[in-house]
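> I have a structure here, written as C-alpha cells, and I will follow up with some questions on it.
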Amino acid sequence: MAVLSSIRSRGKLIAICVGGALLAFVLGDFISSGATIFGASQTKVGDINGTTIDYQQLREQIDEKETYIKLLYNTSVLDNATRDELTESIWERAKMENTILKNANDQGIIVTDAEVAHLIQTGQIGNSVIRQIATDRETGMYNPQIISDFISQGDKNGTYRFLWQHMEDDFRTDRQAQKYISMVSAGLYVTTAEVEREFAQRTQISDIKYVAIPYSDIKDEEVTVSDDKIKAVYNENIKRYYNAEETRSIAYVVFDIIPSEKDSADALKEAEAVKKGLESSKPADVDSYVKVNSKCKEDNLRSYYSKGELGNPTLDSIMFAQEPGYVYGPYKEGKYYKVARLTDKAMRSDSVQVSHLLLLAQNPADTLKVKAKADSLLNVYKSGIDFGALAAQFSEDQGSASDSGKLGWVTDRTAFVPEFLNGCLNTEKGKTTIVKTTYGYHIIKVTDKTAPKQKVAVGVASVDIAPSKQTRQTEYARASEFAGRNRTREQFEEAIKAEKLVPRVAELNSNTKGLPNIKDSRDIVKDVFNDDKNKSVSDVYEADDRFIIYVLTGIQPKGPKSINAVKNEVSRIALNDAKGDMIISKLGTVSSVEDAANKMGKEVDNATSIHLDMTAIPRLGIEPKVIAATASLQQGQTSAPIKGEAGVYVLQNTSYTPAQAIQPINVTTDKKMMEFELKNRASYEVYRSLIEQANITDNRVKFF
C-alpha cells in the first residue's frame with residue numbers, strides 16, 4: 001500500500017512523462033505481447049519512415065496505456081487532457097520506434113536482462129516512476145530493495161505484475177535510445193583548431209562608443225517600398241519562413257451560454273434544499289451527503305484546516321467562531337452556491353510520525369480471521385515485543401515492512417485512504433490502534449506528533465449555477481440564426497461588424513488540441529482539417545459553455561510560406577532597409593561618432609567588452625552586424641554607418657585588446673568543455689534530425 005500510495009500522490013504525469021533523462025519528448029507504451037502497432041491497414045493514421053500506422057492497433061495501445069494509468073492511480077475515469085496526453089505519447093512512441101530505435105536495432109544495440117538488473121541495483125535508472133517507487137519515504141534515498149519487493153508482489157498480484165511490465169518496457173525503451181545516442185556522441189569531437197578559434201573570438205575584446213538612430217524615428221509613410229523590393233527581401237529570407245506542417249487559419253465568433261437570472265434563482269432554491277439536508281444529516285453522514293449532493297469535486301470532505309486555510313476569508317472567520325453543527329450559507333462563490341457545515345473543532349497536530357503493520361483482508365470471507373490475527377498481534381506488541389520486528393515479520397505492505405513498518409511523517413493532506421489517515425491523526429503519541437480499510441486491517445503506532453493547534457473540519461456542498469435547457473436553447477437559436485444567414489466569408493465578416501461582435505482568429509495545425517482558452521474544442525480543429533466538408537461558414541459547435549461558429553480564412557501548406565502569408569513581416573524588413581538608406585543619406589559623410597550624433601540629434605553611448613562569441617549587446621540587444629563591425633575596427637577607428645536590426649549605428653573603437661594565444665593547459669580544458677556541449681546537443685539533435693528525415697505523414701486529426 002505504501003508504494004502505490006506514494007506513487008499516486010505524485011499525480012498522473014509522472015506515469016506519462018517517462019525517460020526524462022534522455023529527451024524532452026514524451027514516450028508511450030506497448031502491450032506485453034510484443035505486437036507492433038505498425039502493421040498496414042486501410043484505417044491509416046499516418047506513415048513514419050515508410051511504415052504505416054494503423055488506427056485499430058494504435059487504439060489498442062492507447063486503451064492499454066489508459067488501463068495502466070487507472071491502475072497506477074486507482075481511478076476509474078481519466079479526464080480529456082490526460083487522454084489527449086496518452087494519445088500523444090503513443091504517437092511519439094511510434095515515431096521513436098521507426099527512427100531512433102530502428103537505427104539502434106539495426107546496429108545491434110539492445111538492453112539485456114542483466115543490464116536492467118544491474119541498473120536497478122545500482123540506482124542508475126532515469127525512469128521517474130521507478131525512481132519514485134524506489135525512494136525510501138523516511139530517508140528520501142533510493143532503495144533497490146523496494147523495487148525487488150514490488151516485482152515480487154507481481155508473483156501474487158496481477159496488478160503489480162501488469163504495472164511492472166509497463167514500467168520496465170518504458171525503461172528499456174528509454175535505455176536503448178540512450179545507448180544509441182551515446183554511440184553517436186562517442187563519434188563527436190572538437191579539433192584543436194576549433195578550440196583556438198573559439199578562444200580567439202572570446203579574447204579579442206573591444207570597448208566602443210556609438211550613436212544609434214532607430215528606424216522608428218522615421219514614419220512608415222515617409223518611405224516607399226516597391227513590390228519588387230518586397231519580393232527580393234522575401235527571396236533573401238525564405239528559409240526563415242518555412243512551415244514545418246500545414247496550418248489553417250480561421251476567424252470565429254463565440255456566443256457565451258450565460259445563466260439567466262431565473263437559472264441563478266433556481267440554483268439558489270436548490271442550494272436551500274441542500275442546506276436543509278446538510279442541517280439534518282448526522283455528523284457521521286456529512287461526508288456521504290456532500291459526496292452525493294455537491295457538484296464541485298474540490299469541495300472539502302471533513303478535512304481539517306488551520307486558521308486561514310479554508311480559502312474563503314468569510315467562511316474561515318465564521319467557522320472558527322462557531323460550534324460543530326453550525327451550517328453557513330448558501331453563499332455565492334464563483335459559479336456555485338455553497339453551503340458549509342462545521343463538523344468538528346479540535347486541537348490537532350499538523351503531522352504525526354507513524355509505523356504500521358498491514359494484514360490484507362481483500363476477501364470478505366477472511367475478515368473475521370484477519371481481525372482476530374490483528375488483535376492477537378496487538379496484544380503481542382503490548383506484551384513487550386518490538387513493533388518494528390513484528391512489522392518486518394508479519395506486515396503484508398512490503399514497502400514499509402522492509403523498514404520495520406515505518407511510514408514517516410503523515411499529514412491530513414497525505415494521499416492515504418481516509419480511514420487510515422484518520423487513524424494516524426486521531427491516535428495519541430506513543431499509542432497504537434487498529435483500523436480497517438479496503439486493504440485490510442492496519443495496526444498503527446504513532447511515535448511522534450507536532451504540537452497541536454486549533455483546527456476545524458468543514459463539509460461543503462455546492463450547487464452549480466448552470467445554464468438551463470431553456471437558456472441553452474435560446475442562445476443556440478441566436479447562434480444558429482447567425483450561421484444560417486451568413487454562409488460566406490464576406491457575409492460572416494460583415495455581420496460581425498454590423499452586430500458589433502468580437503471577432504477572434506486562430507492559426508491551427510492538425511494536432512492543435514483546441515481553440516485558445518476554450519476547453520473540449522478539439523472537434524472544431526478536426527472539422528477545420530476535414531477536406532470533405534464545404535469550407536463555407538461552419539455549423540454551430542458547442543464547447544466549454546459556448547456556441548462557436550467559424551470560417552476558414554487561409555491554408556498554408558507544409559514548406560515555404562507564401563509571400564502573402566508573411567507579407568507584413570517581409571514588408572517591415574523592407575521598410576527598415578529603406579529607412580536605413582534614408583538615415584545614411586541624412587548622415588552623409590561622418591568624421592566621428594560625435595559628428596553623427598550632432599547631425600541626428602542623438603546622444604553618444606558606450607558599450608564594453610564586445611567580442612565575437614557574444615550574441616547580444618547590453619541595451620542594444622541582438623545586433624550581429626554591430627558585433628562583427630566592432631571586431632574589424634582598430635583602436636580609435638570610426639565605422640561607416642551600419643544598418644542593424646533596429647536602427648543605423650556609427651561606432652568608434654575606444655579600447656582594443658587583440659586575441660590572446662591559448663595556453664596548452666587551456667586547450668585541454670576548453671576542448672573538454674566544448675566536447676561536453678557538443679555531445680549534450682546530440683541528445684536532442686540526433687532525434688530531431690532523424691524525425692526531419694523520416695518523411696512523416698500525420699493524419700491523426702481524422703481519428704482523434
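> Scan the helices (runs of 4 or more DSSP H) fully inside the stretch 352-443 and keep the ones with 2 or more residues being out of contact with any Asp or Glu (no Cβ under 9 Å at 6 or more places or on another chain) and surrounded by 20 or more Cβ atoms within 10 Å (Cβ to Cβ). If you could, list the steps in order and put the result at the bottom.
Details: elements: 367-382, 387-394, 398-401, 418-426.
Correct list: 367-382, 387-394, 418-426.
> For the stretch 247-257, indicate whether the set of residues that are assigned to a helix (DSSP H, G or I) and either crowded, with 17+ Cβ neighbours inside 10 Å or assigned by TED's automatic domain parsing to the domain that holds residue 511 (or both) is non-empty.
At the first step, the residues of the stretch 247-257 found to be assigned to a helix (DSSP H, G or I) are none.
The answer is no; no qualifying residue exists.
> Return the total of residues in the stretch 404-427 being modelled with pLDDT under 90 and basic (Lys, Arg).
Result for the stretch 404-427: 1.
> If you scan the stretch 308-347, which residues turn out to be farther than 22 Å from residue 269 by Cβ and in a strand (DSSP E or B)?
Of everything in the stretch 308-347, those that are farther than 22 Å from residue 269 by Cβ and in a strand (DSSP E or B) turn out to be 342, 343, 344, 345, 346, 347.
> Which count do you get for residues in the stretch 172-223 that are closer than 30 Å to residue 100 by Cα and surrounded by 14 or more Cβ atoms within 10 Å (Cβ to Cβ)? Steps first, please.
Quick first cut of the stretch 172-223, residues closer than 30 Å to residue 100 by Cα only: 172-191, 194.
Now restrict to residues that are surrounded by 14 or more Cβ atoms within 10 Å (Cβ to Cβ): 172-181, 183-185, 190, 194.
Final tally of qualifying residues: 15.
> Another one. Name the residues in the stretch 65-80 that are under 20 Å from residue 170 (Cβ atoms) and polar (S, T, N, Q), would you?
Taking the stretch 65-80 and keeping what is under 20 Å from residue 170 (Cβ atoms), we get 65-75, 78.
Within the stretch 65-80, 67, 74, 75 meet the criteria.
> Right, something else. Kindly indicate whether residue 298 is farther than 30 Å from residue 406 by Cβ and at pLDDT 85 or above. Steps first, answer last, please.
Numbers: farther than 30 Å from residue 406 by Cβ: yes; at pLDDT 85 or above: no.
So residue 298 fails the test.
> If you scan the stretch 544-593, which residues turn out to be buried (at least 19 other Cβ atoms within 10 Å of the Cβ), under 33 Å from the mean Cα position of the chain (by Cα) and of a type in the set (S, T, N, Q)?
Within the stretch 544-593, 556 is the sole residue that qualifies.
> Then there is this: Give all pairs with beta carbons closer than 8 Å in which a residue from the stretch 651-676 that is among the hydroxyl-bearing types (Ser, Thr, Tyr) meets a residue that is surrounded by 12 or more Cβ atoms within 10 Å (Cβ to Cβ) and assigned to a helix (DSSP H, G or I); count only pairs at least 6 apart in sequence or on separate chains.
657/203
> Of the residues that make up the stretch 661-677, is at least one among the aliphatic types (A, V, I, L, M) and closer than 30 Å to residue 176 by Cβ? Lay out the reasoning, then the answer.
Keep residues of the stretch 661-677 that are among the aliphatic types (A, V, I, L, M), which gives 661-662, 665, 667, 673-674.
Checking which are closer than 30 Å to residue 176 by Cβ leaves us with 673-674.
Looking through the stretch 661-677, at least one residue is among the aliphatic types (A, V, I, L, M) and closer than 30 Å to residue 176 by Cβ.
> Tell me, which residue of the stretch 626-642 that is without any contact (Cβ under 8 Å) to a residue 24 or more places away in the chain and outside any loop (DSSP other than H, G, I, E, B) is farthest from the chain's Cα centre (by Cα)?
Result: 632.
> If you don't mind, there's one more thing I want to ask. So which residues in the stretch 187-199 are without any contact (Cβ under 8 Å) to a residue 24 or more places away in the chain and in a helix (DSSP H, G or I)?
Of the stretch 187-199, the ones without any contact (Cβ under 8 Å) to a residue 24 or more places away in the chain are 187, 191, 193, 197.
The answer is 193, 197.
> Then there is this: Mind telling me which of the residues 468, 480, 510 ends up being of a type in the set (Gly, Ala, Ser) and closer than 20 Å to residue 704 by Cα? Talk me through it step by step, then tell me what you get.
Numbers: 468 fails: closer than 20 Å to residue 704 by Cα; 480 fails: closer than 20 Å to residue 704 by Cα.
Of the residues listed, the single one that is of a type in the set (Gly, Ala, Ser) and closer than 20 Å to residue 704 by Cα is 510.
> Does the stretch 230-245 contain any residue that is assigned to a strand (DSSP E or B) and under 30 Å from residue 637 (Cα atoms)? Can you show your working first?
Here is the first cut: in the stretch 230-245, the residues assigned to a strand (DSSP E or B) are 242-243.
Right, trim to under 30 Å from residue 637 (Cα atoms) and you get none.
Checked the stretch 230-245: no residue is assigned to a strand (DSSP E or B) and under 30 Å from residue 637 (Cα atoms).
Listed here are the residues, each with its yes/no results for (1) outside any loop (DSSP other than H, G, I, E, B); (2) hydroxyl-bearing (Ser, Thr, Tyr); (3) modelled with pLDDT of 95 or more.
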| residue | (1), (2), (3) |
| --- | --- |
| 501 | no, no, no |
| 514 | no, no, no |
| 517 | no, no, no |
| 526 | yes, no, no |
| 537 | no, no, no |
| 548 | yes, no, yes |
| 555 | yes, no, no |
| 569 | yes, no, no |
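> Here's a check for you: in the stretch 643-674, which residue that is in a loop (DSSP other than H, G, I, E, B) and over 41 Å from the mean Cα position of the chain (by Cα) is nearest to residue 194 (Cα to Cα)? Outline the logic, then answer.
If we filter the stretch 643-674 for residues that are in a loop (DSSP other than H, G, I, E, B), which is where we start, we get 644-646, 658-663.
Applying the additional criterion that residues be over 41 Å from the mean Cα position of the chain (by Cα) yields 658-663.
Working: 658: 18, 659: 14, 660: 15, 661: 13, 662: 12, 663: 14 Å.
Going through the qualifying residues, I end up with 662.
> Can you name the residue in the stretch 103-133 that is in contact with a helix residue (DSSP H, G or I) (Cβ under 9 Å, 6 or more places away or on another chain) and within 23 Å of residue 49 (Cα to Cα) and is also surrounded by the most Cβ atoms within 10 Å (Cβ to Cβ) among such residues?
Per the criteria, the residue is 104.
> Of the residues that make up the stretch 498-513, is at least one polar (S, T, N, Q), buried (at least 16 other Cβ atoms within 10 Å of the Cβ), in contact with a helix residue (DSSP H, G or I) (Cβ under 7 Å, 6 or more places away or on another chain) and farther than 30 Å from residue 703 by Cβ?
no
> Same structure, new question: Starting from residues that are among the small types (Gly, Ala, Ser), at pLDDT 90 or above and assigned to a strand (DSSP E or B), keep the ones in the stretch 444-472 and report whichever is surrounded by the fewest Cβ atoms within 10 Å (Cβ to Cβ).
Out of the qualifying residues, it is 462.
> Out of the stretch 674-704, which residues are more than 30 Å from residue 246 (Cα to Cα) and either exposed (fewer than 13 other Cβ atoms within 10 Å of the Cβ) or of a type in the set (Lys, Arg) (or both)?
676, 677, 679, 680
> In the stretch 355-393, which residues are of a type in the set (D, E, K, R) and touching a Leu at 6+ places or on another chain (Cβ under 7 Å)?
Going residue by residue through the stretch 355-393, those that are of a type in the set (D, E, K, R) are 366, 369, 371, 373, 375, 382, 386.
Correct list: 373 only.
> Do any residues in the stretch 268-286 that are assigned to a helix (DSSP H, G or I) have Cβ atoms under 8 Å from those of residues that are surrounded by 14 or more Cβ atoms within 10 Å (Cβ to Cβ) and among the charged types (D, E, K, R), where the two are at least six apart or on different chains, and which pairs are they?
Going by the 8 Å Cβ cut-off, the qualifying pairs are 271/338; 278/341; 279/341; 283/344; 286/302; 286/341.
> Then there is this: Show the residue pairs that are 6+ apart or on different chains and have beta-carbon atoms under 7 Å apart, the first residue being within the stretch 519-539 and at positive phi, the second being at pLDDT 90 or above and outside any helix (DSSP H, G or I).
From the stretch 519-539, the pairs are 520/514; 520/543; 520/544.
> Something else now. May I ask you to say which residue of 586, 602, 579 is in contact with a helix residue (DSSP H, G or I) (Cβ under 8 Å, 6 or more places away or on another chain), outside any loop (DSSP other than H, G, I, E, B), of a type outside the set (A, V, I, L, M, F, W, C) and under 30 Å from residue 655 (Cβ atoms)?
Values: 602 fails: outside any loop (DSSP other than H, G, I, E, B); 579 fails: under 30 Å from residue 655 (Cβ atoms).
So the residue among 586, 602, 579 that is in contact with a helix residue (DSSP H, G or I) (Cβ under 8 Å, 6 or more places away or on another chain), outside any loop (DSSP other than H, G, I, E, B), of a type outside the set (A, V, I, L, M, F, W, C) and under 30 Å from residue 655 (Cβ atoms) is 586.
> Please verify whether the stretch 322-331 includes one or more residues that are of a type outside the set (Asp, Glu), loosely packed, with under 13 Cβ neighbours inside 10 Å and more than 28 Å from residue 347 (Cβ to Cβ).
Taking every residue of the stretch 322-331 in turn, none turns out to be of a type outside the set (Asp, Glu), loosely packed, with under 13 Cβ neighbours inside 10 Å and more than 28 Å from residue 347 (Cβ to Cβ).
> Next up: Test residue 129 against the stated conditions and say whether it is more than 26 Å from the chain's Cα centre (by Cα) and not polar (S, T, N, Q). Working first, answer last.
Values: more than 26 Å from the chain's Cα centre (by Cα): no; not polar (S, T, N, Q): yes.
Answer is no for this residue.
> Check the stretch 524-541 and report whether any residue there is small (Gly, Ala, Ser), farther than 17 Å from residue 246 by Cα and either touching a Phe, Trp or Tyr at 6+ places or on another chain (Cβ under 6 Å) or surrounded by fewer than 16 Cβ atoms within 10 Å (Cβ to Cβ) (or both). Give the derivation first.
Applying the first criterion (small (Gly, Ala, Ser)) to the stretch 524-541 yields 536, 538.
Among the residues that remain, those that are also farther than 17 Å from residue 246 by Cα are: 536, 538.
Among the residues that remain, those that are also either touching a Phe, Trp or Tyr at 6+ places or on another chain (Cβ under 6 Å) or surrounded by fewer than 16 Cβ atoms within 10 Å (Cβ to Cβ) (or both) are: 536, 538.
Yes - at least one qualifying residue is present in the stretch 524-541.
The values are calculated or read from the model by the stated rules, or taken from the named source; none is laboratory data. These figures come from a predicted structure and were not determined experimentally. Backbone-built Cβ (ideal geometry, glycine too); neighbour counts: all protein chains shown.
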